[in-house]
Amino acid sequence: MVDFGTTLKELRQQAGLTQKQLADKLWLSKATVSYYEQSLRSPSPEILIKLSKIFHVSTDYLLGIENKKQTLDVTDLSDEDICFLENAIELLRKKNIKHE
């Protein structure tokens, strides 16, 4: 099982952020982000939520409870577009259930 620190470091690097840049987004010190990545400290629930929003993943993913990133970022889409996507997802689920 992957630990929180490893997951955080991978997400940060994939986003092209330095520890300092991430720390600034969280209003924390660079050292605190480093401690998180080394699993020397654990974030508060508030910081965990902020991290999930920054990286567009669930808190369960950050904590290693989920194995996959199962989020869909719909930022800047209209309500109509979001409804379309929800309907398309439901149709795909129904199609996949029929084929199982």
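Summed over the stretch 1-17, residues that are without any contact (Cβ under 8 Å) to a residue 12 or more places away in the chain and either surrounded by 16 or more Cβ atoms within 10 Å (Cβ to Cβ) or touching a Lys or Arg at 6+ places or on another chain (Cβ under 9 Å) (or both) total 1.
I'd like to know if the stretch 65-82 contains one or more residues that are surrounded by 11 or more Cβ atoms within 10 Å (Cβ to Cβ), more than 30 Å from residue 4 (Cα to Cα) and modelled with pLDDT of 90 or more.
The first filter runs over the stretch 65-82 and keeps only residues surrounded by 11 or more Cβ atoms within 10 Å (Cβ to Cβ), leaving 66, 69, 71-72, 74, 77, 81-82.
Right, trim to more than 30 Å from residue 4 (Cα to Cα) and you get 77, 81-82.
Those still in the list that are modelled with pLDDT of 90 or more too: 81.
Yes, the conditions are met somewhere in the stretch 65-82.
Quick grid of which residues meet (1) small (Gly, Ala, Ser); (2) in a loop (DSSP other than H, G, I, E, B); (3) under 14 Å from the mean Cα position of the chain (by Cα):
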| residue | (1), (2), (3) |
| --- | --- |
| 5 | yes, no, yes |
| 23 | yes, no, no |
| 51 | no, no, yes |
| 91 | no, no, no |
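Against the criterion of being part of a loop (DSSP other than H, G, I, E, B) and either in the same structural domain as residue 8 (by TED's automatic domain parsing) or over 17 Å from the mean Cα position of the chain (by Cα) (or both), residue 85 does not qualify.
When 34, 52, 29 are checked against the criterion of being in contact with a helix residue (DSSP H, G or I) (Cβ under 7 Å, 6 or more places away or on another chain), polar (S, T, N, Q) and in contact (Cβ under 8 Å) with a residue 12 or more places away in the chain, 34 stands alone in meeting it.
The values are calculated or read from the model by the stated rules, or taken from the named source; none is laboratory data. Everything numeric in this text was worked out from a predicted model, so none of it was measured. As a convention, Cβ positions derive from the backbone with ideal geometry for all residues, glycine included, and neighbour counts pool all protein chains shown.
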